[in-house]
Amino acid sequence: MTTCTRCCEKQPENGFYADKRSRSGLQSECKECVKARSRANYLANRAAGLAKRRAYYAANRDRQRQVMRDWYRENRDRHRALTLKWRAANPDRKRDMEQSRRARAGGYFTEHVDRLELLDRHDGLCGICGDAVDPGNFDVDHVIPIGRGGEHSYANTQPAHKRCNQSKKNRLMHEHRKRQAAMSSS
């Protein structure tokens, strides 16, 4: 058992990192204290490091773009495999990013909309038909569609069944209901 010089707790030797320079062959602080100190140092210097990187990239934008083009050219297959792997692991995030990109392109407000939080806010009900929605299989519907000036935010989104969202298309709710009523009466 070895005592940590920071937290003063006795821990087994596997609780310390190796250090060839010390007599015992171990660091004087336990792994948890080293991690905590490292994390605090990172947080304290994060803003300065980020500002420094941003200034460097702004000053060397063309060079950085060329470096990325060269890397992509040399690693095209690897890039494709990584992209496909990410898309498979994050199908909802990719869809959210696409909707956010479309809203930003139109100059509208966007925020990250977490699908499960959105479902929770609406008590698990479809915003179009009012029935329960399967948490693993639903769409994020925009009350005011992005194509008609709607923003991508919690205030303008609601969960919807895929078939409900596809039937609503680019319409407002009152237009969709009017169309549904006309179709059911004919």
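Where a number appears in this text, it was derived from the coordinates with a stated rule and is not lab data. These numbers were taken from a predicted model, which means no experiment stands behind them. Using ideal geometry, Cβ is built from the backbone for each residue, glycine included, and neighbour counts are taken over all protein chains shown.
Remarks
- Close amide H partners of Asp141, meaning residues 5 or more places away or on another chain with modelled amide H under 5 Å apart, are Gln158, Ala160.
- Our note on the geometry: Cα centres of the stretch 31-83 and the stretch 90-114, 23 Å apart.
- Fraction of antiparallel bridges per DSSP, the chain only, in percent to nearest 5: 90 percent
- Cα-Cα over 23 Å, subset of Lys31/Lys85; Lys94/Lys169; Lys10/Lys31; Lys94/Lys162: Lys31/Lys85
- Fraction of C-alpha pairs exceeding 17 angstrom in the stretch 91-185: 48 percent, rounded to a whole number.
- From most to least packed by mean Cβ count within 10 Å, the peptides 151-164, 15-28, 43-56, 91-104 give 151-164, 91-104, 15-28, 43-56.
- Sequence-separation-based contact order of the chain, relative, with Cα cut under 8 Å and 6+ spacing, percent: 12 percent
- Overall dimensions of the chain as given by Cα atoms, namely Rg and Dmax in Å: 26.3, 90
- Measuring nothing but how far apart in sequence close Cα pairs (under 8 Å, 6+ apart) lie, relative to its length, the stretch 91-185 scores a relative contact order of 28 percent.
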